[in-house]
Amino acid sequence: MYARLFTSPLQQIAQGLTNLQSAAAASERVFEFLEEAEMQSEKDKTKFLDKAEVKGNIEFEHVKFGYDDDDKLVIKDFSCRANPGQKIAIVGPTGAGKTTLVNLLMRFYEINSGKITIDGVDTKDLTRENIHDLFIMVLQDTWLFNGTIRDNIVYNKENVTDEEVMEACRIVGLEHFIKGLPNGLRYEFERH
């Protein structure tokens, strides 16, 4: 009993220190986020690509890129053309720049020099919102939520019909898989 009375306050102190460390780490991330520079206003961007009319010609022309104020270029002189309907695999080891290329196309980062065009229109002349509406991006890390397959596909969009969901599934090659599931789009699964 004496041992318990002696160790209990020590355990409480240790737990308090653990909580303090967690709070310090979390606050560090919050302050990093708050210190990030604001994105530039895009009110001056006048060009617009309608996603119903975009053909899909993507071109990287002598693109150079380095993160932040770092003088070291990650991409030194990259040129590539993707024609509509063409499938291109971007392959390389971890850290080779595969994700960076996609991030540059989506304008998550601005290039140092060169040009990226969509149907001949420089992405610098388009708003980020317009560019993001033109693409569907599937990340390496999957995020599935409890609920039905349909819930996960439509996520936060409202008034989406089952026909529209199945058309999207057909386009990305999921239609056969979903039709093979019991209850199809209504198949429920839980993450564990």
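Taken together, the residues in the stretch 130-155 that are modelled with pLDDT under 85 and under 30 Å from I90 (Cα atoms) amount to 11.
Residue by residue, here is whether (1) in a helix (DSSP H, G or I); (2) aliphatic (A, V, I, L, M); (3) modelled with pLDDT of 85 or more; (4) closer than 18 Å to E110 by Cα holds:
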position	(1), (2), (3), (4)
S22	yes, no, yes, no
E38	no, no, no, yes
F48	no, no, yes, no
A52	no, yes, yes, no
E61	no, no, yes, yes
K64	no, no, yes, yes
D68	no, no, no, yes
F78	no, no, yes, yes
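Select from the stretch 55-76 the residues that are open to solvent by 60 Å² or more (accessible area, probe 1.4 Å), acidic (D, E) and under 21 Å from the mean Cα position of the chain (by Cα) and list them in ascending order. Across the stretch 55-76, the qualifying residue is only D68. Would you mind stating whether K47 is in contact (Cβ under 8 Å) with a residue 12 or more places away in the chain and closer than 24 Å to N112 by Cβ? Answer is yes for this residue. Restricting the stretch 142-169 to residues that are surrounded by 13 or more Cβ atoms within 10 Å (Cβ to Cβ) and charged (D, E, K, R), the residue that is farthest from Y187 (Cα to Cα) is E164.
Counting the residues of the stretch 81-112 that are closer than 23 Å to K55 by Cα and part of a loop (DSSP other than H, G, I, E, B) gives 11.
Considering the stretch 100-118, the residues that are of a type in the set (V, I, T), free of Cβ contacts under 8 Å to residues at least 60 places away in the same chain and in contact with a helix residue (DSSP H, G or I) (Cβ under 9 Å, 6 or more places away or on another chain) include one that is nearest to H62 (Cα to Cα), namely I116. When the test is whether a residue is open to solvent by less than 50 Å² (accessible area, probe 1.4 Å), of a type outside the set (G, A, S) and either in contact with a His (Cβ under 9 Å, 6 or more places away or on another chain) or more than 30 Å from K43 (Cβ to Cβ) (or both), V138 does not pass it. May I ask you to verify whether G97 is within 18 Å of the chain's Cα centre (by Cα), without any contact (Cβ under 8 Å) to a residue 60 or more places away in the chain and surrounded by 11 or more Cβ atoms within 10 Å (Cβ to Cβ)? For G97, the condition - within 18 Å of the chain's Cα centre (by Cα), without any contact (Cβ under 8 Å) to a residue 60 or more places away in the chain and surrounded by 11 or more Cβ atoms within 10 Å (Cβ to Cβ) - is met.
Contact map, the stretch 119-144: first residue over 16 Å from N57 (Cβ atoms) and part of a loop (DSSP other than H, G, I, E, B), second residue acidic (D, E) and open to solvent by 100 Å² or more (accessible area, probe 1.4 Å), Cβ cut-off under 8 Å, separation 6 or more or different chains; the map is empty. If you check Q21 against the conditions, is it more than 24 Å from the chain's Cα centre (by Cα), open to solvent by 100 Å² or more (accessible area, probe 1.4 Å) and closer than 30 Å to D68 by Cα? Against the criterion (more than 24 Å from the chain's Cα centre (by Cα), open to solvent by 100 Å² or more (accessible area, probe 1.4 Å) and closer than 30 Å to D68 by Cα), Q21 qualifies. From the list E188, E164, E175, E158, the lone residue that is over 30 Å from K72 (Cα atoms), in contact (Cβ under 8 Å) with a residue 40 or more places away in the chain and not β-branched (V, I, T) is E188.
The values are calculated or read from the model by the stated rules, or taken from the named source; none is laboratory data. Everything quoted here is computed from the prediction, not taken from an experiment. Because the Cβ atoms are built from the backbone with ideal geometry, glycine has one as well, and the counts that use them run over all protein chains shown. Calculation scope for accessible area: heavy atoms of the full protein, side chains included, ligands and nucleic acids excluded. Shrake-Rupley method; radii C 1.70, N 1.55, O 1.52, S 1.80 Å.
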